[in-house]
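Report on one structure; see the data block that follows.
The values are calculated or read from the model by the stated rules, or taken from the named source; none is laboratory data. All values derive from a computational prediction rather than experimental measurement. Cβ placement follows ideal geometry from the backbone for every residue including glycine, while neighbour counts extend to all protein chains displayed.
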Amino acid sequence: MAQTLKFGNKVWAAKEDSVLAYNDINNNYKPLPFTFSRASIGTRVNKDGLIETMGQDIARIDYTDSADGVLLLENSSTNLITYSEDFSQWTALNNVVVTDNFTTSPDGTQNAAKLVFDGTADGRIELSAGVGGTTTQSVYLKTESGTQNVSIGAGSTDLTEFTITDQWVRYSHTGGGNFPRILCNDAATIYVYGAQLEQLSYPTSYIPTSGSTVTRAAETCNNSGNSEVFNDSEGVLFADIEFLTLSNTYNDFFGLNNGSNSQRLLIERNTDVLKSYVGSAFLTTTLNSLNNKISISYKLNNFKMYLNGFEVDSVTSGTTPNGLDRFDFKIGGSLNLFTYAKAKEIGYYNTALTDLELETLTSYRNWVSMVNELNLNIIYNG
């Protein structure tokens with residue numbers, strides 16, 4: 001057994017147009033780079049916890065939710081809020097006082113605004129966006145001290161209330177309105193930064209604006225490996241990945257192929273259904289979390305899917321794919337349907353693994369990481 005392709009797992013290297021996967025068999029390091037593209041700038045949260053702008057065609061290794069970093073891959077999206085940082089351009093209603101550039105923001109500079117509410121009911125700031133359909137508003141908020149209830153949303157009743165603290169946190173609300181607002185009914189001082197409104201059912205990474213809407217381009221990351229890396233007759237593809245949503249009906253695709261869509265080991269997410277197409281075999285299960293450790297093992301008449309430490313499907317008949325020579329974050333060939341997710345680790349093994357090895361590969365190393373990764377609530381009954 002050899003792991004002939006490694007990507008991520010705390011080890012990241014990127015430059016313009018490329019992000020590195022590798023093979024380190026016998027301590028001989030061989031580069032297996034992905035070709036990466038994004039026709040715009042994009043932001044990430046860096047190792048220091050600060051929002052940072054990355055140039056065009058430079059992959060974003062993001063540390064928002066993980067000290068180990070993830071490759072952030074996102075679809076095109078537009079921030080429809082034209083003043084994401086200049087809150088003096090917003091309309092303040094019911095005795096709200098706005099002071100721009102008052103304190104240090106999540107990007108490390110003094111460009112976050114102060115909002116002072118005097119306790120008048122329905123005190124708020126708002127901005128007309130002029131769009132319809134499902135939208136998601138997101139914004140960074142914190143208090144001057146202590147905790148405070150603050151609502152964000154896109155209409156008079158289309159709101160979500162949050163209890164914010166004295167630490168910067170990005171909050172989001174998904175609804176059907178087009179009038180983003182920040183509301184507080186108490187006498188309070190809060191700080192605000194980085195407002196965003198997208199025509200999506202979930203928030204994406206921050207897109208700064210200063211007078212007009214701004215679009216972040218879609219990202220592609222493809223074509224790592226070669227025919228010597230992948231074995232047609234047997235092997236295992238492993239992915240530690242966080243999907244951005246389980247509700248959208250668009251599909252996430254990634255896996256191995258031969259430059260076409262006819263010969264592949266393809267992993268697909270469609271809503272909360274996980275599917276894998278391996279040669280002539282088909283495997284499927286239901287997803288219960290955005291965070292998932294997935295292994296697909298294949299050998300003639302022996303195909304298995306493992307998810308988060310458990311075998312969830314198997315097939316005992318079928319042929320294996322032919323001519324595998326690349327890993328793509330897309331469906332394969334000219335079918336340029338991308339995946340949009342946070343890739344923590346991708347690995348490929350050139351032989352099929354035992355059940356115990358597959359279970360171990362997809363399990364969590366400790367209880368705390370399992371709870372955090374699966375976004376579970378800890379209930380203490382001691």
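Among the residues of segment 107-126, the one identified as crowded, with 22+ Cβ neighbours inside 10 Å and within 27 Å of the chain's Cα centre (by Cα) is A112. Of the strands (runs of 3 or more DSSP E) lying entirely inside segment 311-382, those carrying at least 2 residues that are over 17 Å from R264 (Cβ atoms), touching a residue at least 40 places away in the same chain (Cβ under 8 Å) and of a type in the set (A, V, I, L, M) are 341-349.
In segment 199-223, the residues that are under 21 Å from V139 (Cα atoms) reach residues that are of a type in the set (K, R) with C-beta atoms within less than 6 angstrom, at least six apart or across chains, in these pairs: I207/R216; A217/R38. One residue is enough: does segment 370-382 have a residue meeting the conditions at positive phi and either not basic (K, R) or not assigned by TED's automatic domain parsing to the domain that holds G225 (or both)? Yes; the residues of segment 370-382 include at least one that is at positive phi and either not basic (K, R) or not assigned by TED's automatic domain parsing to the domain that holds G225 (or both).
Could you list, in sequence order, all residues of segment 204-218 that are out of contact with any Phe, Trp or Tyr (no Cβ under 9 Å at 6 or more places or on another chain) and not β-branched (V, I, T)?
Matches in segment 204-218: S205, P208, S212, R216, A217.
Report whether or not I294 is crowded, with 24+ Cβ neighbours inside 10 Å and not charged (D, E, K, R). For I294, the condition - crowded, with 24+ Cβ neighbours inside 10 Å and not charged (D, E, K, R) - is not met.
In segment 247-256, the count of residues that are over 23 Å from T360 (Cβ atoms), in contact with a Leu (Cβ under 7 Å, 6 or more places away or on another chain) and not charged (D, E, K, R) is one or more. Counting residues in segment 86-98 that are touching a Gly at 6+ places or on another chain (Cβ under 8 Å), polar (S, T, N, Q), farther than 17 Å from A195 by Cα and modelled with pLDDT of 95 or more gives one or more.
Of all residues in segment 35-52, at least one satisfies being assigned by TED's automatic domain parsing to the domain that holds A343, within 16 Å of the chain's Cα centre (by Cα) and aliphatic (A, V, I, L, M).
Within segment 53-67, the set of residues being over 14 Å from the mean Cα position of the chain (by Cα) and modelled with pLDDT under 95 comprises A67 only.
Quick one: count up the residues across segment 310-320 that are surrounded by 16 or more Cβ atoms within 10 Å (Cβ to Cβ) and more than 26 Å from G259 (Cα to Cα).
Residues that pass the stated criteria total 3.
Scanning segment 246-280 for residues that are within 17 Å of the chain's Cα centre (by Cα), in a loop (DSSP other than H, G, I, E, B) and buried (at least 17 other Cβ atoms within 10 Å of the Cβ), we see that the one that is modelled with the highest pLDDT is L246. Going by the structure shown, is G323 of a type outside the set (A, V, I, L, M), surrounded by 20 or more Cβ atoms within 10 Å (Cβ to Cβ) and either at pLDDT 95 or above or at positive phi (or both)? No: the conditions fail for G323.
Evaluating T104 against the criteria (1) touching a residue at least 24 places away in the same chain (Cβ under 8 Å); (2) of a type in the set (S, T, Y); (3) surrounded by fewer than 19 Cβ atoms within 10 Å (Cβ to Cβ) leaves one unmet condition, (1). Across segment 194-236, the number of residues qualifying as over 17 Å from the mean Cα position of the chain (by Cα), hydroxyl-bearing (S, T, Y) and surrounded by 24 or more Cβ atoms within 10 Å (Cβ to Cβ) comes to 1.
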